[in-house]
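Peer 1: Can you read through this structure? Questions will come right after.
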Amino acid sequence: MSSDDGHYSYGSKTFDVPERGEICIEDCPESIVEQLERASFERVSPNVFRKTQETFDEDTEYTVLTATVDGSMLRVEARDVVGIVSLTPTAKVQINPKIDWEPVFDMVLAVYDQNRSLEYRGVPLENFLADDIELSDIFLILALNYLEGIDVIHRSGFIRDLETRRADLDDVRGEIDVEQTLVNRAEGRTQHHCVLKEVEYDNPANSLLHYAGTVLLRLFRDHADEYNYPGYNHIFSQVHRELRKLEDLGVSSSPRRIGEYRSFSVYDLPRERHYYRKALDVSKAIATSSLSRQLERGQRELTIDYVINMESLFELYSQVVLEQQLERIKTYDHRNDLVDVTAVRSPSVKPFDDEAEIYHQPDHAIQRGTETLAILDSKYYADGHDPVKESPSRSRLFSYAYLLQATSLGFLCPLLEPMRRTVAQTGAELQIVAPDDERFTLPSYKDAIYEYLYTVLVAEYPELEPFRAVDDNELCLDGIDETDLGRAREMSSPFAFKDTREFSLRVVKAAADQHSWNVRNRKDLEQDGEWTREQIETRCGEQYKHTTTCIPVFRWDDGAEWIDLYFLNNGTGDIEREQPLKLLER
């Protein structure tokens, strides 16, 4: 870290610091220590103070900022947590990520399964956003999704518990306990003893919704001067109205109940109450990213910082992308070989049968049933920081590979360059999985993970190579479609070529009549397509036609049109791709 990231004079309302950066603030007042403590900084040594964030679903604490007082100068260091953080009761620090805010914004939405194109009551979400994505836009999007989740609950009903209470009453309510009423009379009391059935809404699920609503209201108030959108006050009032409705039902919340919220899951609810899922997911997203209480004039007053731990976010987002890209590959798995293949987050590996407390957990694994095909760790490192050269990270990954007997290993790194290494002793392959672009973007990161997964899976299931080629281009065989690819290895299927003359005609006919942009039909081809047919027949003739089938693929490349022939050898299981044939027009 370097203080070259910025020098400021005390008195500004906002100080900018890059993620894992450091700034210096000069001319601080003598009361700076007191002000840091009022903004929830904890003293860790005489002149060093730290602000932390506790994760919502884990018992883990992250350092957000470290402040060091040196006379009238304050040095502020940021970690891998980005967002808006209170430095003093009157000043904030905005920690900016190593990547752009827009992909951070989209990662948050993806992780919490929210849709950026959502329309809230007919108002498109994009109408509320500025041209440039900023941190404050994130909580606005979460507010819209919070309201949508609450709407779903309104349609089906809030969870309530029926509780029994006993009371001595002059006016009878509920059921009369005759025996206890007679006891009252014997003791000289004229009141009836009643058994009351009361509805209670203040349960962990509703309390979490209330807590998230209070956080949103404070965020709205803190950022009200940044928005000129007509709908901003409407959304603010809607959140306020929902919070009042919860309070009218007797629901309350408190930071002291965070432990209760943390342990609560939608799976603690009956299945018929799982319509709470969206509202709870968004509420956890909001509550996870809010922290701090500060002292104001001697009283403890709730204040809101909005922070995102980038390491955790990147790991969660990587899991989402792994699952999405695996499903993408499964769309062209016409033989259903990948039915049992899953992307698993943090699988627990226990090396000893009788000591369950000893375990290892990689970030991600690609599994086929109980077999592990690949192990991956997410590493949100800065540019130029190679985790393979970092002994602890490398050792952990190798230990996972040993325990799980995996030969495909990878580090998911958004800011590094792709690299492939082979482990000399085992032949295992270790990759840095990263976008092959100068600037990080989510589409390029998705493509990098897709290519990695494809490489791992095609080694297990070679048929994926021609299946992917068809998915990217066109199946080039007259009289069939992609649904027939499931039979591609069958010798009784349309992909057999015992009659090479008839087979070549079906290929050329599909290419010229159905797919070509350059010719209208095969009559427009060189020698009416005879040259192309002869090339196909020659290449089929080089294969053993009694055990081999062929998948022809038509593709375009820089205006030229080509036919690729993929031969599937049923004897060896191998796939052989012939050199492409150019479709020649007259």
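Peer 1: Quick check on my filter: what residues within the stretch 157-197 are in contact (Cβ under 8 Å) with a residue 40 or more places away in the chain and surrounded by 12 or more Cβ atoms within 10 Å (Cβ to Cβ)?
Peer 2: Selection gives Phe158, Ile159, Arg160.
Peer 1: Given the structure, is Leu485 crowded, with 18+ Cβ neighbours inside 10 Å and under 30 Å from Arg368 (Cβ atoms)?
Peer 2: It is true that Leu485 is crowded, with 18+ Cβ neighbours inside 10 Å and under 30 Å from Arg368 (Cβ atoms).
Quick grid of which residues meet (1) touching a helix residue (DSSP H, G or I) at 6+ places or on another chain (Cβ under 7 Å); (2) among the basic types (Lys, Arg); (3) at pLDDT 90 or above; (4) open to solvent by 50 Å² or more (accessible area, probe 1.4 Å):
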site	(1), (2), (3), (4)
Leu246	yes, no, yes, no
Ile258	no, no, no, no
Tyr261	yes, no, no, no
Arg271	no, yes, no, yes
Arg277	yes, yes, no, yes
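Peer 1: Further question: Quick check on the stretch 210-232. Is at least one of its residues touching a Ser or Thr at 6+ places or on another chain (Cβ under 6 Å), modelled with pLDDT of 75 or more, among the small types (Gly, Ala, Ser) and open to solvent by less than 10 Å² (accessible area, probe 1.4 Å)?
Peer 2: Yes, some residue in the stretch 210-232 is touching a Ser or Thr at 6+ places or on another chain (Cβ under 6 Å), modelled with pLDDT of 75 or more, among the small types (Gly, Ala, Ser) and open to solvent by less than 10 Å² (accessible area, probe 1.4 Å).
Peer 1: Another one. Does the stretch 89-114 hold any residues that are in a loop (DSSP other than H, G, I, E, B), in contact with a helix residue (DSSP H, G or I) (Cβ under 6 Å, 6 or more places away or on another chain) and at pLDDT 85 or above, and which are they?
Peer 2: The answer is Pro89, Pro97.
Peer 1: Determine which single condition Asp132 fails, assuming it passes every other condition in (1) at pLDDT 85 or above; (2) open to solvent by 100 Å² or more (accessible area, probe 1.4 Å).
Peer 2: (1)
Peer 1: Residues Ser86, Ser117: which one is at pLDDT 85 or above, among the small types (Gly, Ala, Ser) and either surrounded by fewer than 16 Cβ atoms within 10 Å (Cβ to Cβ) or assigned to a strand (DSSP E or B) (or both)?
Peer 2: That would be Ser86, the only listed residue that is at pLDDT 85 or above, among the small types (Gly, Ala, Ser) and either surrounded by fewer than 16 Cβ atoms within 10 Å (Cβ to Cβ) or assigned to a strand (DSSP E or B) (or both).
Peer 1: Quick one: which of Leu412, Leu464, Leu442 is in contact with a Phe, Trp or Tyr (Cβ under 9 Å, 6 or more places away or on another chain) and over 26 Å from Asp337 (Cα atoms)? Full working, then the answer.
Peer 2: Numbers: Leu412 fails: over 26 Å from Asp337 (Cα atoms); Leu464 fails: over 26 Å from Asp337 (Cα atoms).
Exactly one residue qualifies, and that residue is Leu442.
Here's the yes/no breakdown for (1) hydrophobic (A, V, I, L, M, F, W, C); (2) part of a helix (DSSP H, G or I); (3) open to solvent by 30 Å² or more (accessible area, probe 1.4 Å):
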residue: Thr426; (1), (2), (3): no, no, yes
residue: Asp436; (1), (2), (3): no, no, yes
residue: Tyr452; (1), (2), (3): no, yes, no
residue: Arg468; (1), (2), (3): no, yes, yes
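Peer 1: Take the residues in the stretch 541-586 that are free of Cβ contacts under 8 Å to residues at least 60 places away in the same chain and under 17 Å from Leu525 (Cα atoms), then tell me which one is most open to solvent (accessible area, probe 1.4 Å).
Peer 2: Among those residues, the one meeting the criterion is Lys582.
Peer 1: Now for a different question. Quick one: Gly369 ticks every box in (1) modelled with pLDDT of 90 or more; (2) open to solvent by less than 40 Å² (accessible area, probe 1.4 Å) bar one, so which box is it?
Peer 2: Against the list (1) modelled with pLDDT of 90 or more; (2) open to solvent by less than 40 Å² (accessible area, probe 1.4 Å), Gly369 comes up short only on (2).
Peer 1: Kindly provide the set of residues from the stretch 255-284 that are of a type in the set (Ser, Thr, Tyr), in contact with a Ser or Thr (Cβ under 8 Å, 6 or more places away or on another chain) and more than 13 Å from Ile150 (Cα to Cα), ordered by number.
Peer 2: Residue satisfying the conditions is Tyr261 alone.
Peer 1: Have a look at Asp513, Asp472 and point out the one that is among the charged types (D, E, K, R) and within 42 Å of the chain's Cα centre (by Cα).
Peer 2: Going through Asp513, Asp472 in turn, the sole match is Asp472.
The values are calculated or read from the model by the stated rules, or taken from the named source; none is laboratory data. Bear in mind the structure is a predicted one, so any value in this text is a computation, not a measurement. Don't worry about glycine lacking a Cβ; one is built from the backbone with ideal geometry, like all the others, and counts go over all protein chains shown. What goes into the accessible areas is simple: the full protein's heavy atoms, side chains included, and nothing from ligands, DNA or RNA. Shrake-Rupley method; radii C 1.70, N 1.55, O 1.52, S 1.80 Å.
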